[in-house]
1. When a/c reaches 1.5 or more, the comparison of a/b and b/c decides; with that in mind, is region 105-222 rounded, prolate or oblate per its Cα gyration tensor?
2. What is the dipole size for region 155-213, taken about its Cα centre, with +1 at each Lys and Arg Cβ and -1 at each Asp and Glu Cβ, in debye to the nearest 20?
3. Sorted from largest down, give the three principal axis spans of the alpha carbons of region 1-110, whole angstrom values.
4. Return the distance in nm (one decimal) between the two label points of a simple spin-label model at Arg49 and Asp88, each offset 7 Å from Cα along Cα→Cβ.
5. Using a Förster distance of 30 angstrom, determine the FRET efficiency expected from the C-beta separation of Phe7 and Leu217, and round it to 0.05.
6. Counting Lys and Arg as +1 and Asp and Glu as -1, what is the net charge of the other residues whose Cβ lies under 13 Å from the Cβ of Ala16?
7. So for region 1-116, taking the charge dipole from beta-carbon charges (+1 Lys/Arg, -1 Asp/Glu), which of Ser4, Leu27, Leu87 sits furthest toward the positive end?
8. Apply the Karplus curve 6.51 cos²θ - 1.76 cosθ + 1.60, θ = phi - 60°, to the phi angles in region 104-112 and return the couplings in whole Hz, x for Gly and Pro.
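The values are calculated or read from the model by the stated rules, or taken from the named source; none is laboratory data. Computed from a prediction, not measured in an experiment: that's the story for all the values here. Note that we place each Cβ from the backbone using ideal geometry, even for glycine, and neighbour counts take in every protein chain shown. Note: areas computed on protein heavy atoms with side chains; ligands, DNA, RNA excluded. Shrake-Rupley method; radii C 1.70, N 1.55, O 1.52, S 1.80 Å.
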Amino acid sequence: MGYSLDFGWLRDAAGAIAHGAAMTLFLIACTMVLGILISIVFAAARRSRYGVLRKAVAVYVEVIRNTPFLVQLFFIYFGLPSLGIRLDPIVAAILAMTLNMAAYTTEIVGAGLDAVPKGQGEAAFALGLRPRQVFVKIILPQALKVIFPALISQVIIMMLESAVVSQIAVRELAHEADLLQARTFRSFETYFVVTLIYLALSMMIRRLFVAGGRRMLGAGVS
């Protein structure tokens with residue numbers, strides 16, 4: 001028996017799909033800002049003179065990078081209530097995504113910091129700049145320029161992994177797709193359309209990052 005394609009249901013489903021895509025973008029926007037800020041702090045801490053800080057960050061990175069994201073999400077959403085900590089699904093999703101992304105971007109940012117010649121910092125200190133000024137104004141901008149392509153890729157990877165949060169009923173794109181295919185019984189068409197949307201979102205995020213990076217970090221960002 002042949003299979004007849006039918007995309008007529010898309011008219012009625014457009015609102016749900018748009019809502020799911022918007023929620024996916026909201027999740028990754030929050031995760032990106034928080035994750036990158038945390039990773040900058042943690043990468044600097046991992047290179048500090050305080051051994052306790054270095055070890056604490058190293059343990060956090062290893063634990064997150066060597067456990068499944070789904071398990072981390074379930075631990076936060078289903079496990080923490082046992083300790084009296086109950087989180088809204090969206091808050092739990094953002095927290096899990098942020099902690100996961102920050103572990104990976106800590107290593108990326110760290111590689112960028114290590115790539116900046118030490119002479120840059122020494123010259124800044126010789127001019128009388130304070131350590132915080134040297135890091136923020138001299139070291140960090142150069143590090144970000146070096147790691148920018150890897151940073152873009154990590155953000156996109158995290159956006160794609162956000163589909164996992166549908167498991168705790170966050171109504172992002174993958175969750176809306178599950179609801180639609182259950183209602184319409186058009187699994188092929190539903191997931192084909194959603195696949196194209198994820199592809200479009202990935203390309204859009206990359207283009208926005210490249211354009212923003214060129215404006216903030218200068219030429220050479222691609």
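1. Cα axes put region 105-222 in the prolate bin.
2. Numbers: 5 positive and 5 negative charges, 30 e Å.
It works out to roughly 140 debye.
3. Extents along the principal axes: 66, 34, 29 Å.
4. That separation, rounded to one decimal, is 4.4 nm.
5. 0.10
6. Charge balance in the 13 Å sphere: -1.
7. Going by the Cα projections, it comes out as Leu87.
8. Couplings: 6, 6, 4, 5, 5, 4, x, 5, x Hz.
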